[in-house]
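These notes are about the structure you will find just below.
No lab work stands behind these numbers, since they all come straight from the coordinates. On a predicted model such as this, the values are computed, not experimentally measured, just so you know. Note that each Cβ is placed from the backbone with ideal geometry, even for glycine, and that neighbours are counted across all protein chains shown.
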C-alpha cells in the first residue's frame, strides 16, 4: 500500500514556496493560482467574475482582450466593456480562458501598483478546493525547482 507523506497542508506549502522563490517565479505562481481559481469557479459564477474583471481593465488591456476575441471569430471585436460582456456567453468553452486573461491583466496591474503577491494568495487560496490546492502545490514545487535550478535545467 502506497501512503503519501505530508506534513504541511497544500495551501501552506504554496505560501512557503511563494516566499522561497524569486520575483519571476512568484509572478508565475500567482498566475497559476489565478488559473486554478478560474478553473474551480462554478459555471454560473463565470459571467459575474468576468464582468468584474473587464470593468477594471484599462484601454490597452481592453484592446488586447478584444484582439483575443477576434481570434475566435465572434464578430468584429470592439475594445470596450459593452462588446466584451455582450459576447461572453457566445464564447462557449472559451469563457474560462477569457476570464483567465482578464483576471491576469488585473493581476499584473495590481502587482505593478504595489499590491503584494501575498494579497493575491490571501484572496484566492481559501476559495480553492482541497483537490485543486493539492494539484496547485505540485505545480508550485515544479516552479520552485525551475527557480532554484535555473530555467535551462
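Of note:
- The label point for residue 82 and the one for residue 146, both projected 7 Å from the Cα toward the Cβ, are 4.0 nm apart.
- On the basis of the beta-carbon distance and an R0 of 25 Å, residue 135 and residue 47 show a calculated FRET efficiency of 0.50.
- Mean separation of Cα contacts under 8 Å, 6 or more apart, over the residue count of region 35-149: relative contact order %: 33
- Cα gyration tensor, region 35-149 - rounded (a/c under 1.5), prolate or oblate: prolate
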